[in-house]
Amino acid sequence: MSAVEQGIAPRTIEVLDHGFVRLDDAMASDLSVVNAARVSFARRKEEMDDSDAGLIRFLMRERHGTPFEHNAFRFHVRTPLFVAREWFRHRIGSYNEFSMRYAKATDEFYVPALEDVRTQVGKPGSYSFEPVSDEVAQATREELAAVYAAAYAAYERLVEAGVARELARAVMPVGAYTEFYWTVNARALMNFVSLRAAETAQREIRHYADAVELLFAEWMPVTYEAFVVAGRVGP
């Protein structure tokens, strides 16, 4: 049963300074996993019991993944462009994104909080991040804001001069916000969370993965618990 059918209001989690993850709708439940697995024996259940929870744990532990695909989450996401480009690398899912060809570009840009401005220490593939001084952090925020303001002013001048939006958008920085719809099954969602909520993921996308994980846990608590017990590795 979907969220609309159950009368459940969409839930929105704010992320970063202008972003969010909104669960637009879901056709997902732990029972969907159970019935997908038990159809092999021509069995179907209407309610979960302890044996079904055990079955989900078994499927997760033994990495029998296909029963976790018979459900769907539809998310509405607002995020900086550079986060979206990382997100779209997860190809098992459906995406539709805001287009600057057809609509005016947003004038909202990602400016990290002071504590999120960091320095990279080490070599690619083997580095860590450390905080910078308050002075450097504030200067970074001011530099970004100045670049964003200049870029958006150039965009507006080009559009007002008659330049097509699809070309004028070339001046927009990757810190500009975009939004998209993402429909994904629980198996692919667990893969996303496993990779993007990990300590090695970029901090900004981790915040989004944390929000996705929270919504997933609310809808499929038994599956989520099995995922955690299995070391947060999807089936």
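Just so you know, all these numbers are worked out from the coordinates, no wet-lab data involved. This is a predicted model, so every value here is computed, not measured. Cβ placement follows ideal geometry from the backbone for every residue including glycine, while neighbour counts extend to all protein chains displayed.
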Tell me which of 112, 98, 152 sits at the most positive position along the dipole axis of the chain, charges placed on C-beta atoms (Lys, Arg +1; Asp, Glu -1). 98
Would you mind counting up the charge near residue 181? Only other residues with Cβ under 15 Å from its Cβ, with Lys and Arg at +1 and Asp and Glu at -1. -1
Write out the GluC sites (Glu not before Pro) in the stretch 157-209 meeting two conditions: DSSP loop, and at most 12 other Cβ atoms within 10 Å of their Cβ. 199
Measure nothing fancy, just the Cα-based angle from helix 50-61's long axis to the longest principal axis of the chain, in degrees from 0 to 90, nearest 10. 50 degrees
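Once you sort the root eigenvalues of the Cα gyration tensor of the stretch 114-171 as a ≥ b ≥ c, which label holds: rounded (a/c under 1.5), prolate (a/b larger than b/c) or oblate (the other case)?
Numbers: a/c = 6.06, a/b = 2.17, b/c = 2.79.
Oblate is the answer for the stretch 114-171, as a/c is 1.5 or above yet b/c matches or exceeds a/b.
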Mean ellipticity per residue at 222 nm, deg cm²/dmol - from DSSP H runs of n ≥ 4 across the chain, formula -39500 (n - 2.57): -13000 deg cm²/dmol
Nearest 10 degrees, 0 to 90: what angle lies between the long axis of helix 134-160 and the longest principal axis of the chain (Cα atoms)? 80 degrees
For the chain, find the longest principal axis of its Cα atoms and tell me its angle to the long axis of helix 186-196, 0 to 90°, nearest 10. 40 degrees
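How large is the charge dipole for the chain, taken about the Cα centre, if only the Cβ atoms of Lys, Arg (+1) and Asp, Glu (-1) carry charge, to the nearest 20 debye?
Here the chain has a charge dipole of around 980 debye.
Let me check against my output: what whole-number percent is the relative contact order of the stretch 114-171, with C-alpha pairs under 8 Å and at least 6 apart?
Working: 38 pairs, mean separation 13.9, N = 58.
Across the stretch 114-171, relative contact order equals 24 percent.
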Amide H contacts under 5 Å for residue 108, restricted to residues at least 5 apart in sequence or on another chain and with H modeled in the peptide plane, are 177
Net charge (Lys, Arg +1; Asp, Glu -1) of residues whose beta-carbon lies under 13 Å from that of residue 153, residue 153 excluded, is -2
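Could you give the size of the charge dipole of the stretch 114-171 about its Cα centre, using +1 on the Cβ of each K and R and -1 on the Cβ of each D and E, expressed in debye and rounded to the nearest 20?
Working: 6 positive and 10 negative charges, 69 e Å.
Here the stretch 114-171 has a charge dipole of around 320 debye.
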For the pair residue 113 and residue 89, how long in nm is the line joining their label points, each one 7 Å along Cα→Cβ? 2.5 nm
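For the chain, which span is the longest to avoid every loop-located (per DSSP) member of trypsin sites (Lys or Arg not before Pro) having at most 16 other Cβ atoms inside 10 Å?
Numbers: sites that count: 43, 44, 45, 63, 89, 91, 101, 104, 232.
Here the longest segment lacking exposed loop sites spans 105-231.
Reported to two decimal places, what Rg/Rh ratio describes the chain when computed on Cα atoms with Rh from the Kirkwood expression? Before the final figure, lay out the partial values.
Details: Rg = 21.0 Å, Rh = 19.9 Å.
When Rh is taken as the Kirkwood radius, the ratio is 1.05.
Using Cα pairs closer than 8 Å and at least 6 residues apart in sequence, work out the relative contact order for the chain, in percent. Spell out each step's value before the answer.
Working: 348 pairs, mean separation 68.3, N = 235.
It comes to 29 percent, rounded to a whole number.
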Honestly the stretch 47-127 on the Cα gyration tensor test (a ≥ b ≥ c root eigenvalues; a/c under 1.5 rounded, otherwise a/b vs b/c for prolate or oblate) is just oblate
